[in-house]
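Colleague: Got a structure here, written out as structure tokens. Questions coming.
The values are calculated or read from the model by the stated rules, or taken from the named source; none is laboratory data. For clarity, every value in this text was computed on a predicted model and none was experimentally measured. Methodologically, a virtual Cβ is constructed for each residue, glycine included, from the backbone with ideal geometry; neighbour enumeration extends over all protein chains shown. These area figures cover heavy atoms from the full protein model, side chains too; ligands, DNA and RNA do not enter into them. Shrake-Rupley method; radii C 1.70, N 1.55, O 1.52, S 1.80 Å.
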Amino acid sequence: MQPAESLPVDRPVNRIRTAGIAVAALVVLGALLRLYQIGVESFWFDEIIMVLLTRQGTDELVAQLFRTARAPLYPLLGHFWVQLFGTSEAAVRSMSAVFGSLSIPLVYVIGRRMFSQKVGFIGALLMTLSVYQVYYSQEYRYYSLVILITLLAVLFFLYALDDGRARNYLLYAAFSILLFYTHPLAAALFIGALGLYFLVLLALAWKRYRAALPVWVASQVLIVVGA
């Protein structure tokens, strides 16, 4: 018979295991929804441009990215993706489907960290089933990558607020820079919103967050330089 004193230890472990299984099931469901009939619709105009761009040779692609000042991250990833999987509708769009599926567990972790496990799971469920999330995860465009990188930046920003470690501020800055290289306008709005959020926290709880002010300022400088 199991000792009674071990039960309080087992329950949190069981909850974590159950939550992990549930979130994994959402990821699988989300991936299936994003891959379902992904190649049925023909390319539309912007997707055709992306296909023509990413199927070029590496030197030609890099030269064109510099020449047009296009945000380079998604085209570069797409370039290597099409080398592996080809340029059919299903093949190229599946990259966005992968990014969209990976966003689901990030929503769970962020929701759990900010609020509760229940909120995190509801957020992940909504992310899984959202018509808009599925739709934009089936386009050979940067939308799903913007969401994925934004969520990663938010997650490490929250980690940094909790523990104050320079490493987490550095990772937050790194993903923010990657966001600039994916969609500059989205990045500018995101950085501004998180900056305002930090300043509000600073005003409301000066004693708690004042020690983080120098490293936060350093992270903002790093983002500006990197972008």
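Colleague: How many of the residues in segment 16-36 are open to solvent by 70 Å² or more (accessible area, probe 1.4 Å) and modelled with pLDDT under 95?
Modeller: So the answer is 4.
Colleague: Hey, can you tell me all the residues within segment 103-137 that are open to solvent by 70 Å² or more (accessible area, probe 1.4 Å) and not in a helix (DSSP H, G or I)?
Modeller: Answer for segment 103-137, where residues must be open to solvent by 70 Å² or more (accessible area, probe 1.4 Å) and not in a helix (DSSP H, G or I): just PHE115.
Colleague: Would you say LEU196 is over 21 Å from the mean Cα position of the chain (by Cα) and surrounded by fewer than 19 Cβ atoms within 10 Å (Cβ to Cβ)? First the steps, then the outcome.
Modeller: On the way: over 21 Å from the mean Cα position of the chain (by Cα): no; surrounded by fewer than 19 Cβ atoms within 10 Å (Cβ to Cβ): yes.
Answer is no for this residue.
Colleague: Please name all residue pairs, on different chains or six or more residues apart, with Cβ atoms under 7 Å, provided the first residue is in segment 178-194 and is farther than 14 Å from LEU222 by Cβ and assigned to a helix (DSSP H, G or I) and the second residue is modelled with pLDDT under 95 and open to solvent by less than 30 Å² (accessible area, probe 1.4 Å).
Modeller: Close Cβ pairs (under 7 Å, with a partner that is modelled with pLDDT under 95 and open to solvent by less than 30 Å² (accessible area, probe 1.4 Å)) amount to PRO184/ALA71.
Colleague: Let me ask something else. Enumerate the pairs (first residue in segment 207-225 and part of a helix (DSSP H, G or I) and among the hydroxyl-bearing types (Ser, Thr, Tyr); second residue anywhere and buried (at least 17 other Cβ atoms within 10 Å of the Cβ) and modelled with pLDDT of 90 or more) with beta-carbon separation below 7 Å, excluding pairs fewer than 6 apart on the same chain, so at least 6 apart or on different chains.
Modeller: SER219/TYR169; SER219/TYR172; SER219/ALA173
Colleague: Go through segment 45-90 and give me each residue that's in contact (Cβ under 8 Å) with a residue 40 or more places away in the chain and either of a type in the set (Gly, Ala, Ser) or within 27 Å of ALA187 (Cα to Cα) (or both).
Modeller: At the first step, the residues of segment 45-90 found to be in contact (Cβ under 8 Å) with a residue 40 or more places away in the chain are 46-47, 50-51, 71-74, 77-78, 88-90.
Passing the criteria: ASP46, GLU47, MET50, VAL51, ALA71, PRO72, LEU73, TYR74, LEU77, GLY78, SER88, ALA90.
Colleague: Please list, ordered by first then second residue, the pairs with beta carbon atoms under 7 Å, 6 or more apart or interchain, first in segment 27-42 and within 8 Å of ALA90 (Cα to Cα), second part of a loop (DSSP other than H, G, I, E, B) and open to solvent by 90 Å² or more (accessible area, probe 1.4 Å).
Modeller: That search, which allows pairs on different chains as well, returns nothing.
Colleague: List the number of the failed condition for TYR140; all other conditions in (1) hydroxyl-bearing (Ser, Thr, Tyr); (2) open to solvent by less than 60 Å² (accessible area, probe 1.4 Å); (3) in a helix (DSSP H, G or I) hold.
Modeller: Going through the list (1) hydroxyl-bearing (Ser, Thr, Tyr); (2) open to solvent by less than 60 Å² (accessible area, probe 1.4 Å); (3) in a helix (DSSP H, G or I), TYR140 breaks only (3).
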